[in-house]
Amino acid sequence: MPKSLKLERRDFISTTAKASLALAVPTLVPASALGLDGSTPPSERINLGVIGIGRRCRYVLAEVLKLADVRCRVIADVQASRRDEGKRIVDTAYGSNDCQTVRDFREVLAREDIDAVLIATGDRWHAPASMMAAEAGKDVYCEKPCGLTIDYCQRLDDTIRKTGRVFQAGTQRRSVTNYQQAVQMLHDGKLGRITKLIASAYAPSLGNTWYPAEPTPAREVVDWNMWLGPAPWRPFNQKYVAGDWRGQWDFDSGARILDWGAHTLDLCQMANK
């Protein structure tokens, strides 16, 4: 919706609410729904969908749930246990039972009431899911790295520019106090004249070991095909979905290269500004 239309809608709601009060018309609409008690009215909230909820997502989501102008509406994950855990976290934070769960994240993208998505899947899904979200009209916060390959990242960049959506990669170290203080000390000249920055992303650690095939669970328990997504097919093994996808060529970004490298390069950019 264009910004001008959003403002007109907000003005209309505010004017209507004030007029209702002036006329002393009885109403069953709570003040919080109109933003009259200092709370954020629904028209001003960002309705959020979560795509992929594991350890990293739970860390980020814990901060998101504190925001008054954001409301998490739905959790999408291919594993039933994680969907249920995500719903419990959200409902506990809000003191309700409203958070919905879906197995297929495309259902989230199809919803007109969802404004933005938090993507915290495995690396293989980052770029494809982000592009699909932007093309569906959603703003995106996606964990790093942005994609498994340079080509993926370039295509993602093109998609964001074409759709005009907001995109942010999860490089939270820009917001961590100790890193901010170090960069500020540099900019204030307290570290002297810096002539060289050395960035280390450790040594890459990748292989392509296949774990022994195990019986594939029912799709509602673990949707293995959706878990694999853009990666080449291989037999199911519980170790993959439990987190042992890292270090595998088909699933990982190079562990140290793109994972820690994203942080390292971003910090160098901060220092160089």
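How many residues are at pLDDT 80 or above, farther than 23 Å from W125 by Cα and of a type in the set (A, V, I, L, M, F, W, C) when one looks only at the stretch 189-245?
The total comes to 1.
On the given criteria, is Q168 open to solvent by 70 Å² or more (accessible area, probe 1.4 Å), free of Cβ contacts under 8 Å to residues at least 40 places away in the same chain, in contact with a strand residue (DSSP E or B) (Cβ under 9 Å, 6 or more places away or on another chain) and closer than 29 Å to A136 by Cα?
yes
If we scan the stretch 110-127, do we find a residue that is within 19 Å of the chain's Cα centre (by Cα), within 21 Å of D252 (Cβ to Cβ) and either aromatic (F, W, Y) or open to solvent by 40 Å² or more (accessible area, probe 1.4 Å) (or both)?
yes
I need every pair where a residue in the stretch 138-150 that is in contact (Cβ under 8 Å) with a residue 24 or more places away in the chain and under 14 Å from C57 (Cβ atoms) has its Cβ under 9 Å from the Cβ of a residue that is polar (S, T, N, Q) and assigned to a loop (DSSP other than H, G, I, E, B), sequence separation at least 6 or different chains.
These pairs meet every condition: C142/T121; E143/T121; K144/T171; K144/S253.
Cβ contacts < 7 Å: first residue within 17 Å of S96 (Cβ to Cβ) and in contact (Cβ under 8 Å) with a residue 12 or more places away in the chain, restricted to the stretch 46-75; second residue open to solvent by less than 10 Å² (accessible area, probe 1.4 Å) and among the small types (G, A, S), any location; separation 6+ or different chain. Result?
G49/A76; V50/A76; V50/G86; R73/G49; V74/G49; I75/G86
Among the residues of the stretch 64-85, is any closer than 24 Å to D252 by Cβ and touching a Leu at 6+ places or on another chain (Cβ under 8 Å)?
No - not one qualifying residue is present in the stretch 64-85.
The values are calculated or read from the model by the stated rules, or taken from the named source; none is laboratory data. This is a predicted model, so every value here is computed, not measured. A quick note on method: Cβ atoms are made from the backbone with ideal geometry, for glycine too, and the neighbour counts reach across all protein chains shown. All accessible areas refer to the heavy atoms of the entire protein, side chains included, with ligands and DNA or RNA removed. Shrake-Rupley method; radii C 1.70, N 1.55, O 1.52, S 1.80 Å.
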